[in-house]
Amino acid sequence: MKPLRIFVALVLFAGASLTARAMYLHAKADLASVLIHRAWNKTTADGQPHPPWPWADTYPIARLRIPRLGYDEVVLEGATPRTLAFGPARLYGGAGLSQPGNVELAGHRTSWFRPLEDLEARDEIQVQWFDARRRKLRERTYIVDDIRIVSPEEVTSLSPSSDDALTLITCYPFGHSPRSPQRFVVLASPVGPSHLVQVSLSSTGH
């Protein structure tokens with residue numbers, strides 16, 4: 001009986017450890033989200049970059065919304081592996097938000113960009129960012145032109161390099177499958193020029 005009791009105790013301990021780790025990771029993600037949204041609210045107020053925590057090597061640069069899906073996330077600067085753990089982020093190879101050209105955003109297929117699997121052609125995508133020149137929040141609306149599943153090598157050839165556009169990129173298939181050999185690419189074009197908006201801090205999320 002003693003070996004059985006030891007085995008049961010080990011199983012219970014392992015289960016408790018896994019549960020505690022899951023709770024810790026969930027709490028950490030929730031806290032990071034609150035801090036990121038707080039930093040974005042500060043940026044909308046004063047136009048300065050605000051790292052969400054003192055040692056962060058990134059900061060919020062935009063708000064990404066897809067109205068039909070109820071999607072609303074803050075975009076971080078620099079799509080490095082560490083940054084992508086906390087939210088969708090801008091790829092350095094694309095245009096800046098205040099620059100002409102193709103803005104490229106990436107996100108994880110298991111979290112931030114998981115809702116993209118329900119995206120459809122002609123859906124609206126809204127991007128807000130702070131216009132440093134006018135010191136106001138600016139918004140641009142894009143329409144989804146095409147959704148493609150391609151190899152990683154094909155992504156560069158799909159994204160326009162000079163025309164104003166928005167490209168969203170994530171791995172495929174969606175979910176927690178062990179392999180994601182393909183890329184899910186959303187190609188969107190602007191409806192018109194960007195415009196200034198007045199947005200209260202309470203409407204920018206957490």
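Just a few scattered comments:
- The set of residues in region 81-97 that are surrounded by 14 or more Cβ atoms within 10 Å (Cβ to Cβ) and among the hydroxyl-bearing types (S, T, Y) contains only T83.
- Screening V127 against (1) surrounded by fewer than 21 Cβ atoms within 10 Å (Cβ to Cβ); (2) in contact (Cβ under 8 Å) with a residue 60 or more places away in the chain leaves a single unmet condition, (1).
- Hey, A106 of a type outside the set (D, E) and either modelled with pLDDT of 95 or more or under 18 Å from the mean Cα position of the chain (by Cα) (or both) or not: yes
- Strands (runs of 3 or more DSSP E) wholly inside region 72-187 containing at least 3 residues that are closer than 30 Å to H50 by Cβ and among the basic types (K, R): 136-150
- In region 115-124, the condition of being out of contact with any Lys or Arg (no Cβ under 8 Å at 6 or more places or on another chain) and more than 18 Å from L187 (Cβ to Cβ) is met by no residue.
- From the list W55, W112, the lone residue that is over 28 Å from F174 (Cα atoms) and either buried (at least 21 other Cβ atoms within 10 Å of the Cβ) or over 17 Å from the mean Cα position of the chain (by Cα) (or both) is W55.
- From the options V150, V103, residue that is over 21 Å from L69 (Cβ atoms) and not acidic (D, E): V150
- Matching residues, region 82-94, being over 12 Å from the mean Cα position of the chain (by Cα) and free of Cβ contacts under 8 Å to residues at least 24 places away in the same chain: Y92, G93
The values are calculated or read from the model by the stated rules, or taken from the named source; none is laboratory data. Remember, predicted model here, so these are calculated numbers, not experimental data. So basically every Cβ, Gly included, is an ideal-geometry build from the backbone, and we count neighbours across all protein chains shown.
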